Protein chains: 2
Amino acid sequence: METLSENACFGGVQGVYRHASSACKCDMTFGLFLPAEAKDGPVPILWYLSGLTCTHENAMTKAGAQGWAAEQGIALAFPDTSPRGDGVADHEDYDLGQGAGFYVNATQKPWAPHFNMWDYVAEELPALLVESFAIDADRQAITGHSMGGHGALTLAMNLPGRYRSVSAFSPISNPIGAEWGRKQLSAYLGDDEAAWAKHDASAMMKSTGFNGPILIDTGANDQFMDLLRPEALAQAIAERRQQATYRLQPGYDHSYYFVSTFMEDHITFHAEALYGE
Amino acid sequence: METLSENACFGGVQGVYRHASSACKCDMTFGLFLPAEAKDGPVPILWYLSGLTCTHENAMTKAGAQGWAAEQGIALAFPDTSPRGDGVADHEDYDLGQGAGFYVNATQKPWAPHFNMWDYVAEELPALLVESFAIDADRQAITGHSMGGHGALTLAMNLPGRYRSVSAFSPISNPIGAEWGRKQLSAYLGDDEAAWAKHDASAMMKSTGFNGPILIDTGANDQFMDLLRPEALAQAIAERRQQATYRLQPGYDHSYYFVSTFMEDHITFHAEALYGE
């Protein structure tokens, strides 16, 4: 693992690191914020999964998360959104290929064998972080924005016991229910829809739910509302009687101005779960 | 004036606007954050001047200022750092030309007649903001980063009564005392050093000082320390017995991770001055 940069930040360190990923079969870059408390021993960690076109960097510089994480003594992990590099397949559309991994293990060419963001975020990167930094594997939580909100919700519901809490900012909530989402699921996973359900937050909520608290914020003026389909997830949450807070925020759109506005709420929410019991 | 974007942000609005500038003789773009209180009447304003290579956008997205400004009911102005466009002179160095206006009125070709950032920030843009938005001209404060810290300090000391308080993050403090700074001052202002003194924070501190509180933070690990020359300004402040808080922050560098870490302190500092008496 190679250190690309380390900057003092809110009493802790915002680092950027690169490593050879076995899951993605290429070099991967990630950001990690460690609060001051990490000098004295393992700290809880909040995963932040980013949206389409983002790298590890967007949330690190624009979400305003480190100050609140420092206040709570929580680490923040910022993975990239896809494998990258010359040897990795890509597509001219913004919503397919590099920058658009959708947190799945692709079974279809040309996305297989590199596009394994599910394994990368669920297995490889957590193991690397726990091995290399003062991270407490037993106290993890997860959040994300847009495609990253989709990743956070589907990972949390598919890996019971892994994350104590899950939240999302304007998550892609029901890709199976939108022509736009069906395009990506079929590109990465093929036409057998049985493989799609675990990657649809609304379907997972119907079948499984989450054993812990959920917080979701979506801007009521989000310009991508038709693609996000928040109504499908809201309905599934209500049907399941899932412990959840689901908020539509008047006036807000899909931007990081929205994300940063509600970041304090989300980190406070996760801190309660990470420090509980 | 043309609205380029408006995003809901911390209960207020982060806008980006473009207008034809008479000072710079080209179109200029600026950011303006208005807190919710601006719906009910004029609010105080804090000017944030950016550093080399920045546009109006860097601090707007990376400094984490809007949340604290919203808490205090203060507007934030984010001007660009130079005139721009095809008809505007430029230079291959990062520290001259577009993105490097140094908050002076250039008298030398090819920078004259466009490079009049002093008049733009001191006169034209404040008049436009007060005319077009709910901004209270009697309650202004100013801050900035690096070249913008230089701009904030020199504007504040040259315009007594204009700003109630001034602060700076890692300001360029004594360009006359560094070969690097002398290059820019001579390029923009010519070889007559009499014209330089008003654009040197340490020289202005020696000759004039500031009638109000000053807060300065510089990272002790700042990679540009030789260019910033904080020691010259610290000495001038001490000689004058100027009301000031001057802090060297251990471990911090020149980045926005440093700026965002101390933004709460700076906005709280300005709020005390803006809401005093």
_Peptide A:64-76, shielding by other chains (average Cβ, 10 Å cutoff)_ = 2
*Please report the buried accessible area for the interface of B with A, total over both chains, probe 1.4 Å, in Å² to the nearest 100.*
1600 Å²
*Please give the residues from region B:4-28 for which the solvent-accessible area of heavy atoms, probe 1.4 Å, is smaller by at least 40 Å² with all protein chains in place than with the chain isolated.*
B:7, B:8, B:10
*For region A:2-275, give the magnitude of the charge dipole about the Cα centre (Cβ charges: +1 Lys/Arg, -1 Asp/Glu; no others), in debye to the nearest 20.*
500 debye
*Where region A:162-261 is the region considered: accessible area per residue in Å², 1.4 Å probe*: 41 Å²
*Take the cross-link list B:62/B:109; A:109/A:198; B:25/B:198; B:183/B:206; B:39/B:62; A:39/A:62 and give me the ones stretching past 28 Å between alpha-carbons.*
B:62/B:109
*Per-bin percent of Cα-Cα distances, region B:11-71 [5 Å]*: 4, 15, 24, 24, 17, 11, 4, 0
_Relative contact order for chain B: what percent, with Cα pairs under 8 Å and sequence separation of 6 or more?_
17 percent
*Run through every distinct alpha carbon pair of chain B and return the Kirkwood hydrodynamic radius in angstroms, one decimal place.*
18.4 Å
*Report, please, the projected area of the protein assembly as shown averaged over directions, based on the convex hull of its C-alpha atoms, in nm².*
26.2 nm²
*May I ask you to compute the full-extension gain from residue A:245 to residue A:180, defined as 0.36 nm times their residue separation minus their alpha-carbon distance, rounded to one decimal in nm?*
20.7 nm
*Mark the label point 7 Å from the Cα of residue B:3 along Cα→Cβ and return the residues of region B:120-141 whose backbone N is within less than 20 Å of it.*
B:128-136
*What percentage of all Cα-Cα pairs in region A:163-247 are separated by more than 19 Å?*
37 percent
*asked:* Considering only C-alpha atoms, what is the centroid distance from region A:43-64 to region A:256-277, in Å?
replied: 13 Å
*Order the peptides A:150-156, B:197-203, B:23-29 from the highest to the lowest mean number of other Cβ atoms within 10 Å of their residues.*
A:150-156, B:197-203, B:23-29
*Kindly tabulate the residues in region A:230-264 with an accessible-area decrease of at least 50 Å² between the chain alone and the assembly of all protein chains, using a probe of 1.4 Å.*
A:252, A:257
*For region B:185-237 and region B:78-108, compute the distance between their C-alpha centroids and round to whole Å.*
20 Å
*Round to a whole number: what % of the accessible area of region A:2-275 belongs to carbon and sulfur, probe 1.4 Å?*
48 percent
_15 Å beta-carbon shell around residue B:117, net charge (K/R +1, D/E -1)_ = -4
*Highest first, please rank the peptides B:100-111, A:48-59, B:73-84 by the mean number of other Cβ atoms sitting within 10 Å of their residues.*
B:73-84, A:48-59, B:100-111
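The values are calculated or read from the model by the stated rules, or taken from the named source; none is laboratory data. Everything numeric in this text was worked out from a predicted model, so none of it was measured. So basically every Cβ, Gly included, is an ideal-geometry build from the backbone, and we count neighbours across all protein chains shown. Ligands, DNA and RNA are excluded from the accessible area calculation, which covers all protein heavy atoms including side chains. Shrake-Rupley method; radii C 1.70, N 1.55, O 1.52, S 1.80 Å.
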